[in-house]
1. Once the other residues with Cβ under 11 Å from the Cβ of Arg103 are scored (Lys, Arg +1; Asp, Glu -1), what is the net sum?
2. Given the DSSP H assignment, sum -39500 (n - 2.57) over each helix run of at least 4 residues in the chain and divide by its residue total; what's the result at 222 nm in deg cm²/dmol, nearest 500?
3. Taking the Cβ of Asp53 as the centre, find all other residues whose Cβ is under 13 Å away and add up their charges (Lys, Arg: +1; Asp, Glu: -1).
4. How many angstrom separate the Cα center of the stretch 111-139 from the Cα center of the stretch 6-25?
5. Distances over 19 Å make up what percent of all Cα-Cα pairs in the stretch 2-81?
6. Taking other Cβ within 10 Å of each residue's Cβ, how do His125, His120 sort, fewest first?
7. Which part of the stretch 84-114 falls in the paramagnetic zone of Ala23, meaning amide N under 17 Å from the point 7 Å along Cα-to-beta-carbon?
8. Within the stretch 56-139, report the trypsin sites (Lys or Arg not before Pro) that DSSP leaves as loop and that have at most 11 other Cβ atoms within 10 Å.
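Read-outs throughout are calculated quantities, based only on the coordinates presented, and are distinct from any laboratory measurement. Everything quoted here is computed from the prediction, not taken from an experiment. Cβ atoms come from the backbone with ideal geometry, glycine included; neighbour counts cover every protein chain shown.
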Amino acid sequence: MANPLIIETPGRGLVDVTGRVRALVRSCRVDEGVAVVFLHHTSASLLIGENADPDVPVDTVGWFDRLVTDGDRHFTHTAEGPDDMSAHIRSILTGVSLSIPVRGGDLDLGTWQGIFVFEHRYRPHRRRVSVTVIAGVSG
């Protein structure tokens, strides 16, 4: 079962989408299986990270800012602004797809784990996320 989510991002940073993904998974009424979460963009990404301490997203964004700098003079692709090519690279490094176990009809995440859309551009965007829940096969 596939369900689209539209995520409004405020600009560069992490947006916790755990609750929205969890609600879709629960509505599918699949007891055991896997949830595949897919982001349909090349300048944002998905990740699982700590969702308890608000310093973790700040530090994550800061680390990526140092790792892949905006407007790097070595970039050839510059037509869409100084944050575009760096956004593509950050997306490649972090990925656009997650597979999360479903147990007891819910996401089987760890205690401090959350699902985040990582917006790599500075301006706000509307991001599309597909969630597909696949039922497990028992033998």
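1. Residues near Arg103 contribute -4 overall.
2. -8000 deg cm²/dmol
3. -4
4. The distance from the Cα centre of the stretch 111-139 to that of the stretch 6-25 comes to 7 Å.
5. 53
6. Ordered from fewest to most neighbouring Cβ atoms within 10 Å, His125, His120 come out as His125, His120.
7. 106-107
8. Arg73
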